[in-house]
Each structure stands twice: as C-alpha cells, then as structure tokens.
Amino acid sequence: MPTMEPFSGRTMAQQELVYSLRWLINMRWIASAGVVVGTAVAARALRVPIAELPLYLLGLTLLAYNLALKLSLRWLDAKYADVGAVFQWFARTQIGLDWLGMAVLIHYSGGVESPAILFFLFHITIASLLLPHDRGFLYVAVGPALVGGVAVAEYSGLLQHVYLVPAPLHRDRVYVMGVLFFFTCASYVMAYVSMSISRRLRRREDEVAGLYQGVQATLSSLDFRTVLDKLTEATARVLNCKGASVRLLDPMGRSLEMVTAWGLSPGYLEKAPIDLGKALIDQEALSGKTVLVTDAANDTRLRYPDKIRAEGIVSILSTPLIGKTGPLGVLRAYGDERHRFSKDDAAFLAAVASYGAVAIENARTYQMRLDMDREKSLFLRTVTHELRSPLNAVASILGVLRQVCAGDLGAKQADLVSRALQRVNFLQTLVDDLLDLAAGKAEVLNTATRERVSLSGSLRDACARFEPQALGKGLELSLFEPGEDLTIRGDRSELDRILNNLLSNAVKYTQKGEVRVDLGRIGQEARLTVADTGIGIPESAMSQIFEEFFRASNAKTMEERGTGLGLAITKDLVARYGGTISVRSTEGRGTGFTLLLPLASDQVP
Amino acid sequence: MPKILMIDDDTDFAASVRVLFEASGYQFHWARNGREGLEKVKALRPDLIILDVMMDTFTEGFHISLSLRDPSPGAEFAAFRGIPILMLSSVHSATSLRFAPDEDYLPVDAFLDKSAQPEELLAKVSELLGKA
C-alpha cells in the first residue's frame, strides 16, 4: 500500500530502492578493488596460475562502469521524482552487468574450479532483495545459467580454461555436474530465503507506514464526525479489508450505537442503539480482548444473519476502544473471506484502536467545550433580553408621561415621574454594564471572532458617535491618526466597547475644553491616547480607578451618574487582547488614558 | 393623519408609545406578533412600520423585515416595499450593532435603541416620514 514519505513525494519502498542502488554502487568500489588486489595477491604472493592480465582489465572495467553507474544514478535521481519503471530498469542493468562480470571473473579464475563461484551467491541474494518478487525465481536462473555456460564452454573447448590446479577438472564430467548442481541449489535456497525475509519486512514496512498515515489523518481533526470517519477508513485501508465500523457506548454504558462505518452499504448500518446485553461479540470485546469471528453468517453470537450474508461479510474482528476514562466502544473490521484476519491483524487492529480512542476522546472534549460555549452565549442573550425588556417598557412609560402628559400632571407628580425616570435610566445603564462584565468574564472560546478588525475604522466611528454629545457640551473632540490604517485581532463589538468607554468617560467628565484622541504605532503595537481637560482623578483614587463599581469622590458629585463598571470592563477586555492600559491624571486639570494593543500579525512588515 | 404600525410583543411598551404618537398627531396601530403584523400591513397600508428585533425568537424582527422587503418579483409584500421601516433594538446603545444571521443585508431604513428618549423616537419617525 503506497504511503507518502513526507519530503520527496516518493513512497518509502521507492526511496528504499534508490538507497539500495546507491549502496550497491558503493559496494562495487570495494569489489573492483578486491578483484585487482586479489588478483595481485593470488598471482604474485601465492603464485596461483590465474589469468592476471584479463583479471586486471576486469577490475578496471568494473571501476569504470561503476563510475558510469554512479553518475547515471545521480542524474536519474535528480531528474525523476517518481521512482518507477526507469529505476527498475536501472537496477536490472546493474545486476545484469555484475553477473556478466562475475561470469568473466569465474572464467579467468579457474572456471568450475574457481572459488569465486561462491561470490555469485552474494549477487543472487542482492537480486532477490532488490528486484520485484513476481519473476524473482526466473532471474535467479540466469546465475546458474551463466556459470553453466562458462563450464560448458570450457568443457567443450570453446573457451580456454585457466588452470588453478594441474588436473583437468573442467573436463571431469562428474566434477562439473556436481559443482553446477550444488551451485544451482544454493542459488535457489539463497533466493528463497532472501525473498521471504524481504517480503515480510516490506509488509511490516507497509503496515507501519499505513498506521502512521492513519494516525496522522485521525488525529489531525478535533471534529468528532471527521475523526470517526477517518478512523474507520484508516482501519479498513491499513488492514486491507472490506470495511470497518465504530460503535460507541452511551453515557450509562448500557447500549452500543453504530456511529460510523466505512465500506459498508447504508442499508447495513443499524438505526437504533443495541442493548449491550444483546451484543455478545462487543460485550466480549469490551471485556478487554480482541474477538475474531470467522463465519459471521452462521455465528450464533451475531444477530441478523441475512443482513450479514447480503452484505458479504464473512469474518469480523472486534477490538475495544479504551479511553483514559474507561471503555468508549468497539472498533470492528470486516472481511469478505473466512481466514482474512491473522493474529498479526488482531494485534494491528488493537494498535489502531488505541490511538483511535485518544482521538475520539479529544474530539468529544472539544465538542463539549463548544457546546458549553454555545449554551453560555445563548444564556447571556436570553438574560440580556429578559432584563432589558421590562426596563425599556418602564423607561418608555415614564418618559412619555413626563413629555406628553406634562400638562395633565401637577408639579409634584411631574417631579416624582422625573425622579423615577432617572433611576430607571440608571438601572438600564447598570444592567448594560453588568451584562458587558458578564460577557467578558464568561470567556467564551470565541476562536471564530478573532478576526482582523480595523482599529482605525472603529476609532473613527466611535469619535463620530460622541461628537454630537461633545459639541452639545461645548467641547472640542479631535482625532489624530497615523498615516496607515491599523488593524488588530479581535471582536468588533468588544473593541467598540473599549473605545466607547474611554470616549464616554472623557466627554462625561469634562465640562470645558477638549478631548483629544491620538492613535499611533510603536513597533508591533498600536498606541491610543484619550486625553481630556476634565475634572481629573484624585491621587488617592488612582490605584482604584480600574476596580469594579469604584467611582472617585469628585466623579460622584457630578450630575451624571456612572455605574463604576466601565473601566473594569475595559481593563478586562484589554487584558484579554494582550494589551495594556494606563492612566495619568491631575485633579482639576485633566486625564489621559493610554492604551497599547498588539497589531494583527500580518500588519507587521 | 399618518398611520404608524408597530409590531412588538411588549404590551406595556406599546401602550406608552401609543400615548406618545397619538399626542403627536399620528394614527397608531399595533400588532403583537409577526403574523398579525403582516396581516395589518396589508389591511391598513401604514405610512411607517416600527419593528421590534426580538420577539418570539431572537431574530423575528429580521424575518418580518426580510419578508416585507423580499426583492423577488412575485413577492407577497411587493406592493408595500416602499413603506419605511424603523427597527427598535434592545442591544446596548453604545456598542455597534451586531446581528445574526445576515449582517450584510438588513432591509430596514433606520435603527433606534429601545431605551432612547421619547423625543429621539419622535424625531426619527418624523425624519423617516418626511423622506417617504
């Protein structure tokens, strides 16, 4: 099963081939050197009568074509991202050349007498590991064929025999047949052993790669449905079987419900949860072991044999999904033949189930968090509406009484209505502030609203909102902006709350003069200053100015009422945005609030 | 005498607004929900419609306004598309208005916070009637 290696786009098996070819070339340097050195040692030191010159030439030829192969491989590797037929062909060429070289070596080092015949087995092994297995045994035959060819050629006199020993063994029929026979057997045994081992290794490799890919896919999502779907798909692919399903326990742990399935027809999916007592296979699985069913249609532990038969399910492997908190449910794999699943598969399914359980638990926790957030939001909205409606009604009634019925009311009554209206208005403001505070403290996981918000734009809007009020009091409201539009990450309404609070305070607590708003940029932060020429904050109050419900003594004496919550809310919001707020003030002269907020990351050059 | 139709489920609020408008020389009609409201639009042909945002559901007001201003050719209230609509919200007066579901297209002509003073409401109404 192809699995992608992260960086090159090749499968692991393909990359393996390229590494092996490279390795082979490296080994060949040693082999060529060996041929040259071995020949020299044998001929000079040991005085064995081998054909020196041809062997030196062979060594040099090996070195030469190895260099050619090295350069070719480098070129192929760079040119072709996809390791396909080209590389296979290249592998065969290398091996073919090696075998020819071996045949030459054997001939010149004594033919059937040559000890170098044993080295051929080395090449047989390499070929068995590198070449595709389907025609492996055919390729192996080439080895004995080459050696046999050399032997026959020497026997019949076509080739000049090189004598290692004085006796003409190469003409001894028994000797020749014997050597060829044992060599051929040895070749095939080597080939068989190598291929078996490499087949097993490759299968393991595929399984691990499949497991890796499955883990990646399943754990990449926190969405419950996605996790389930990917888990079943990964299971079926990794085990290379018909399909897979997940059944989860209900919170009481008494029934199982099939929540997802892959590779099964929609008709097979059960609609209703099954009582655990009736789901015998799953019960067994939940007790901690993997259960194997080899004849599903006739197994008494399963229900609906007709449906099973119709679906083509013959074998089932069932393993428990155990989370940190306890059993979550059951993971099943379905096969279309009796002995589809081996012990290895059972172990493998258990491995898949262990990470699957983790993924399911994570997704569930995340989902719960999202649900809680949604409930909180809904609650806040309901409370907001329920608190504001009666207040609006009362304020409206009193307001209309005062305005419209002024003529019908006596002075005393009008005064009472006025007082009531004032208190109700204050109550409205207080409720608004409390709701703001509650919304801030609820700390909803508002990942969706952390969007880019234009600080510049919001500030301009806020200033426009307060301009009438300022002008009405005879105050000048001015805004100084930088050359660029500054953007932060956050929620538009929350930002407005901050800006409104600062501007509202400035205008409210200033009787004459101006309110000056400065926006600028310092590095990766936006710097906003709201300065006024108002009543200022007494020294003694400075340390408490951001506390909830705190109002400084000089503010309390003013006509306009305040709830004392505005700055507390603002400070809360600013902190959540990763910013800071500070204040400077002189009583009787004015106040300046400075706000520092981190800019949205893509704003930074 | 201009006809004003208000669609709002708060009877007390409506009672106070009735006094206000009648004293200012308007004919005031009231419906307590969307269904009744839309029927009265057809029956009365008001000169101005005042809608409350949150009635039975959180966004009932919006759905009423969407029905009234449905742009498709065969729409039920096509004949009444020109009537100005004033929407009253219970949202904090100082924050910018944020609504779900459709923030982009809100087929009303003006917004006012429900906690606004009577003078503001009257001013807005006469502004909208003046424009019509």
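Nothing in this text is a laboratory measurement; each read-out follows from the coordinates by a stated rule. What you see is a predicted model, and the numbers here were worked out from it, not measured in a lab. Cβ coordinates were reconstructed from backbone atoms using ideal geometry, including for glycine residues, and neighbour counts include every protein chain displayed.
With angles folded into 0 to 90 degrees, how steeply does helix A:455-472 sit against the dominant principal axis of chain A? Use alpha carbons for both and round to 10. Here the helix axis deviates by roughly 0 degrees.
Taking each residue as 0.36 nm, the span from A:V37 to A:D172 lengthens on full extension beyond its C-alpha to C-alpha distance by 45.5 nm.
Straight-line reach from A:K473: taking Cα to Cα under 17 Å and skipping same-chain neighbours fewer than 8 places apart, the lysines in range are A:K508, A:K512.
The ranking of A:E52, A:E113 from fewest to most other beta carbons within 10 Å of each one's beta carbon is A:E52, A:E113.
Counting beta carbons within 10 Å around each of A:E467, A:E484 and listing the fewest first gives the order A:E484, A:E467. Remark: spin-label model distance A:R589-A:K307 equals 8.3 nm, labels positioned 7 Å along the Cα→Cβ axis.
The modelled label-to-label distance between A:M372 and A:L471, using points 7 Å beyond Cα along the C-beta direction, is 4.9 nm. Annotation: peptides A:361-367, A:200-206, ranked by per-residue average of other Cβ atoms within 10 Å with the highest first, follow the order A:361-367, A:200-206. Per-residue shielding of A:396-409, expressed as the average number of other chain Cβ atoms within 10 Å of the residue Cβ, stands at 5. Paramagnetic label reach from B:A123 (point 7 Å along Cα→Cβ; backbone nitrogen cut-off under 19 Å): within the range A:455-471, residues A:462-471.
The Cβ shell under 14 Å around A:S221 holds other residues with a net charge of -1, Lys and Arg each +1, Asp and Glu each -1.
The C-alpha atoms of chain A define a longest principal axis, and helix A:52-79 lies at about 20 degrees to it.
If you take all other residues with their beta carbon under 13 Å from the beta carbon of A:I197, and give Lys and Arg +1 and Asp and Glu -1, the sum is +4. In terms of surrounding Cβ atoms within a 10 Å radius of their Cβ, A:C405, A:C241 rank from fewest to most as A:C405, A:C241. Against the empirical curve 2.2 N^0.38 Å, the C-alpha radius of gyration of the range A:449-603 lands at a ratio of 1.00. Against chain A, whose longest principal axis comes from its Cα atoms, helix A:343-404 is set at around 10 degrees. Once the Cβ-Cβ distance of B:L44 and A:H385 is raised to the sixth power relative to R0 = 25 Å, the FRET efficiency obtained is 0.35. Dipole of the protein assembly as shown computed with +1 at Lys/Arg Cβ and -1 at Asp/Glu Cβ about the Cα centre; of A:A151, A:G267, A:M102, farthest Cα towards the positive end is A:A151. Remark: the Cα gyration tensor places the protein assembly as shown in the prolate category, a/c being 1.5 or greater and a/b exceeding b/c. Bridge orientation summary for the range A:449-603: considering DSSP beta bridges with both residues in this region, about 85 percent are antiparallel.
Averaged over peptide B:8-18, how many Cβ atoms belonging to another chain are found within 10 Å of each residue's Cβ?
Per-residue shielding by partner chains comes out at 4.
What distance in nm separates the two pseudo spin-label positions at A:L434 and A:D299, each 7 Å out from Cα along the beta-carbon direction? Going from the A:L434 label point to the A:D299 one covers 6.2 nm.
Counting only other chain Cβ atoms within 10 Å of each residue's Cβ, the peptide A:382-395 averages 5.
Nothing charged except the Cβ atoms of Lys and Arg (+1) and of Asp and Glu (-1): what's the magnitude of the dipole of the range A:222-367 about its Cα centre? Round to the nearest 20 debye.
Computed about the Cα centre, the dipole is about 100 debye.
Of the residues B:V125, A:L421, A:F119, the one whose Cα sits farthest towards the positive end of the charge dipole of the protein assembly as shown is A:F119 (charges of +1 on Lys and Arg Cβ, -1 on Asp and Glu Cβ, taken about the Cα centre). When both the range A:188-254 and the range B:20-88 are represented by their alpha-carbon centers, they are found 60 Å apart.
Phi-derived couplings, Karplus 6.51 cos²θ - 1.76 cosθ + 1.60 at θ = phi - 60°, listed residue by residue for the range A:425-435: 4, 4, 4, 4, 4, 4, 4, 4, 5, 4, 5 Hz, with x used for Gly and Pro. If both residues of a DSSP beta bridge must be in the protein assembly as shown, then about 70% of such bridges are antiparallel.
Bridging of A:K324 to aspartates and glutamates at a Cα separation below 13 Å is possible for A:E361, once same-chain residues fewer than 8 apart are set aside. Only aspartates and glutamates eight or more places from B:K131 in sequence, or on another chain, were considered; those with a Cα closer than 17 Å are B:D47, B:D109, B:E120.
Estimate the FRET efficiency between A:I30 and A:S342 by the formula 1/(1 + (r/R0)^6), using the beta-carbon distance for r and 41 Å for R0, to the nearest 0.05. Efficiency at R0 = 41 Å is approximately 0.50. Suppose a student asked you for the relative contact order of the range A:222-367, using Cα pairs under 8 Å spaced at least 6 residues apart; what percent would you report? Computed value for the range A:222-367: 26 percent relative contact order.
Length gained on full extension, A:L280 to A:R22, computed as 0.36 nm times the residue gap minus the Cα-Cα distance: 87.4 nm.
Stretched out straight at 0.36 nm per residue, the stretch from A:L100 to A:Y212 would grow longer than its current Cα-Cα span by 36.1 nm.
A simple count of charges around A:H170, restricted to other residues whose Cβ falls under 9 Å of its Cβ and scoring Lys, Arg +1 and Asp, Glu -1, yields -2.
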